[in-house]
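The values are calculated or read from the model by the stated rules, or taken from the named source; none is laboratory data. Just so we're clear, the structure is a prediction, and the values are computed from it rather than from any experiment. Neighbour counts run over all protein chains shown; Cβ positions are idealised from the backbone, glycine included. Note: accessible area is taken over every heavy atom of the protein model, side chains too, but ligands, DNA and RNA are not part of it. Shrake-Rupley method; radii C 1.70, N 1.55, O 1.52, S 1.80 Å.
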Amino acid sequence: MDKTLLTTLTVNGKTVTRRIPARQHLSDFLRDELGLTGAHTGCEHGVCGACTVRVDGMTVRGCLMLAVQANGRKVDTIEGLSDSGEIADLQGAFHRHNALQCGFCTPGMLMSAQELLSSRPDATRDEIRAHMAGNYCRCTGYHAIVDALEEVLASRRGGPK
Amino acid sequence: MKAPEFSYVKPGSLGEVFDLLDRHGDRARVLAGGQSLLASLNLRLSEPELLVDITGVPGLSGIAVSGQTVRIGALTTHRQIETSAQIARHLPLLAQAVRNVAHAAIRNVGTFGGSIALADPAAEYPACAVALDATFVLAGRAGERRVKAREFFRGLYETALNPGELVTAGEFPLAGAGYQSVFLELARRHGDYAIVGLAAHALVAGGRISDARLAFLGAGSTPVLAVRAAAAIEGRQPDAQAIAAAQATLAEELEMLADLYSSRATKLHLARVLLGRALGALAA
Ligand SMILES: Cc1cc2nc3c(=O)[nH]c(=O)nc-3n(C[C@H](O)[C@H](O)[C@H](O)COP(=O)(O)OP(=O)(O)OC[C@H]3O[C@@H](n4cnc5c(N)ncnc54)[C@H](O)[C@@H]3O)c2cc1C
Ligand code: FES
Ligand code: FES
């Protein structure tokens, strides 16, 4: 049986077709085939969250999904969210709160954060922490990240708290 | 690390899945959500030649209530369980437990059946299934059979599944009137596998606990039903004395393997703490 497969994905709105090895995970496909290096690979076994991207509107671990599993599906990366302006307010809040230092975790953090912000506008600080628990940051100590999310939640609900 | 080379197929029916598993034997592995399998391939813990992606098989996903049973299809994701009004209403134990299963992005993809088939001793669903006396539906070339959760988990990552067989669903009896559920676990980080956890389900009337099913996770090579602890609390209010009596049974009942971070003594202590909290919460 073939170890490579013809695979078609829509990445940030653009449809791409490639023949790729079955074993290639989505993060490597995005990084190596498409040059989209925003999704980082940290641990490659699901623990750190640096590789988080969106498939059909839901966050997934790019290192725990084969690119061939995403065949026919819609993939959004940090590059897409950034260019479309979807998370401009969130990015601004990360800057203001110093919610990033080296930036390695940041694309994954933003993807996870946007999922929470868009699905649970009333999330409490505890719920923010629970949702973001799957993303490691080795620099910030997390509080600034949670602060940034709280601010964006409040402003998206309309005005400061 | 990167996974070793393998081939990949996504059949569209159970028949095709069984054919492929027949033909390739133990060189093939079933792929559902991949949230455990792909992690272990990336770590090169196993090197299958073929992954058989079962997510294209129709009819294996979804939650349905009929009569006295909630049926959860094997391909139902953790996210679907977490957000299901039917699970919240009829299986509050599972609704509480699922919040502890991995992290949001993993819950979006990982499946019920994958978790059952994997049988990690620290996983939440197996302990809930044992506490609630669920039944698993298994299917293979020879047809369908049903195995009680209490007989399904045989040893460390060992189940009653035969080669070539799939888990297709879990069937849970609806929580009876007057029954309360409490799920508690301790983990190093929210969403990580539990150090120790407890799935507790019992009839509570007038503050007294009876028919308690206390299934521990992370406390042995399979979920462990603490029957002596249940006997110790039977018909009693969970006051300090009754709780201490139940806690005292655990040293003998739980095999309690040490893990990378916690000794046997630590884990036993944590199990006692969880039991105390759960009994209190059940009757609260
Ligand atoms: C960082 C991290 C943390 C996690 N934390 C937890 C946690 O706290 N609790 C928890 O329970 N899980 C946890 N998981 C695992 C996660 O819940 C998985 O989704 C689940 O264990 C397996 O489901 P899956 O669909 O991803 O299965 P897969 O990874 O696709 O498969 C797992 C195994 O089961 C077999 N299999 C899958 N489906 C079937 C089927 N229907 N019939 C027969 N065999 C089948 C596969 O061949 C494979 O051997 C964690 C995973 C990661 C990466
Ligand atoms: S690289 Fe995917 S979770 Fe760490
Ligand atoms: S900013 Fe460096 S890891 Fe988070």
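The rows are residues; the columns are (1) open to solvent by 20 Å² or more (accessible area, probe 1.4 Å); (2) out of contact with any Ser or Thr (no Cβ under 7 Å at 6 or more places or on another chain); (3) small (Gly, Ala, Ser).
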position	(1), (2), (3)
B:25	yes, yes, yes
B:34	no, yes, yes
B:61	yes, no, yes
B:103	no, yes, no
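Applying the condition of being open to solvent by 10 Å² or more (accessible area, probe 1.4 Å) and closer than 18 Å to residue B:33 by Cα to region A:15-47 and asking which residue is farthest from ligand 3 (Cβ to nearest atom) yields A:23. Taking the criterion of being within 16 Å of ligand 1 (Cβ to nearest atom) and outside any helix (DSSP H, G or I), the residues of region A:115-136 that qualify are A:133, A:134, A:135, A:136.
Within region B:137-159, is there a residue that is out of contact with any Pro (no Cβ under 9 Å at 6 or more places or on another chain), crowded, with 24+ Cβ neighbours inside 10 Å and within 30 Å of residue B:258 (Cβ to Cβ)? No, region B:137-159 has no match at all. Looking at the structure I just gave you, is residue B:68 within 26 Å of residue B:88 (Cα to Cα), open to solvent by 10 Å² or more (accessible area, probe 1.4 Å) and either facing chain A (nearest Cβ under 9 Å) or hydroxyl-bearing (Ser, Thr, Tyr) (or both)? So residue B:68 does not fit the description; no. Against the test of being more than 14 Å from ligand 1 (Cβ to nearest atom) and farther than 25 Å from residue B:279 by Cα, the options B:171, B:158, B:144, B:165 yield a single qualifying residue, B:171. Residue check: residue B:55 meets all listed conditions (1) within 25 Å of residue A:115 (Cα to Cα); (2) β-branched (Val, Ile, Thr); (3) more than 11 Å from every other protein chain (Cβ to nearest Cβ) but one, namely (3). The set of residues in region A:48-67 being under 22 Å from residue B:44 (Cα atoms), within 14 Å of ligand 1 (Cβ to nearest atom) and either open to solvent by 50 Å² or more (accessible area, probe 1.4 Å) or not in a loop (DSSP other than H, G, I, E, B) (or both) consists of A:52, A:60, A:61, A:62, A:63, A:64, A:66. Taken over region B:45-59, the criterion of being modelled with pLDDT of 95 or more and either open to solvent by 50 Å² or more (accessible area, probe 1.4 Å) or under 18 Å from residue B:110 (Cα atoms) (or both) is satisfied by B:49, B:51, B:52, B:53, B:54, B:55, B:56, B:57, B:58, B:59. Mind checking which residues of region A:87-108 are within 14 Å of residue A:48 (Cα to Cα) and away from ligand 1 (no atom under 16 Å from the Cβ)? Within region A:87-108, A:103, A:104, A:106, A:107 meet the criteria. Restricting attention to region A:122-139, the residues that are polar (S, T, N, Q) and away from ligand 2 (no atom under 16 Å from the Cβ) total 1.
Can you tell me which residues in region B:57-82 are more than 16 Å from ligand 1 (Cβ to nearest atom) and either assigned to a loop (DSSP other than H, G, I, E, B) or touching a helix residue (DSSP H, G or I) at 6+ places or on another chain (Cβ under 9 Å) (or both)? Result: B:64, B:65, B:67, B:68, B:70. Of the residues that make up region A:86-109, is at least one in contact with a His (Cβ under 7 Å, 6 or more places away or on another chain), open to solvent by 10 Å² or more (accessible area, probe 1.4 Å) and not in a loop (DSSP other than H, G, I, E, B)? Yes, that holds for at least one residue.
All conditions in (1) at the interface with another protein chain (Cβ under 8 Å from one of its Cβ atoms); (2) open to solvent by 20 Å² or more (accessible area, probe 1.4 Å); (3) of a type in the set (Ser, Thr, Tyr) hold for residue B:7, with the sole exception of (2).
Among residues of region A:105-118 that are of a type in the set (Val, Ile, Thr), those with a beta-carbon under 8 Å from a residue that is open to solvent by 10 Å² or more (accessible area, probe 1.4 Å) at least six positions away or on a different chain give the pairs A:106/A:100. For region A:119-129, the count of residues that are within 13 Å of chain B (Cβ to nearest Cβ) and surrounded by 24 or more Cβ atoms within 10 Å (Cβ to Cβ) is zero.
Please enumerate the residues belonging to region B:27-44 that are facing chain A (nearest Cβ under 10 Å) and in a loop (DSSP other than H, G, I, E, B). Once the filter is applied, which keeps residues that are facing chain A (nearest Cβ under 10 Å) and in a loop (DSSP other than H, G, I, E, B), region B:27-44 yields B:33, B:34, B:35, B:36, B:43.
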